[in-house]
């Protein structure tokens, strides 16, 4: 097993332990060096009063995709946590599924700057609905 295969497996195992992702029905679609894609259905219990996906869903999967993008560039002995995250909501999240694409902008020894773009998907349509930018920090694994 090469180093990235082990890191991807560790990221997928970590994602599987996130009960928040399970509650939202989110899936980790892709993890590659410095990049992660997560999708979650816009289920009835995840909508706000106007019928669009709640901004909390967009933030949660965007933050998580950005965090796992950072994790893919860290060693197997580390985990990752968010230090700070900003979101710009661009458009109501109307569609069937939200997709968050997280990327690493700069990986440092202590802090990693990340971004994520969240899209609302309906059939073949893909609309950008949010941009996130933040900072991640490596932390020691917890038992």
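Here are the numbers:
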{"read-out": "Scope segment 64-110; condition outside any strand (DSSP E or B), farther than 19 Å from residue 141 by Cβ and more than 12 Å from the chain's Cα centre (by Cα); matching residues", "value": "90, 91, 92, 93, 94, 95, 96, 108"}
{"read-out": "From 4, 15, residue being buried (at least 17 other Cβ atoms within 10 Å of the Cβ), assigned to a helix (DSSP H, G or I) and in contact (Cβ under 8 Å) with a residue 40 or more places away in the chain", "value": "15"}
{"read-out": "Test: residue in segment 37-57 that is surrounded by 15 or more Cβ atoms within 10 Å (Cβ to Cβ) and closer than 15 Å to residue 136 by Cα", "value": "no"}
{"read-out": "Segment 27-45, residues that are closer than 17 Å to residue 122 by Cα and in contact with a helix residue (DSSP H, G or I) (Cβ under 6 Å, 6 or more places away or on another chain)", "value": "38, 40"}
{"read-out": "Single match in 79, 63 (criterion: closer than 23 Å to residue 25 by Cβ and touching a residue at least 40 places away in the same chain (Cβ under 8 Å))", "value": "63"}
{"read-out": "Set 58, 120: member being in a strand (DSSP E or B) and over 18 Å from residue 7 (Cα atoms)", "value": "120"}
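No lab work stands behind these numbers, since they all come straight from the coordinates. Please read all numbers here as calculations on a predicted model, not as lab measurements. All Cβ positions, even for glycine, are placed from backbone atoms using ideal geometry, and neighbour counts span all protein chains on display.
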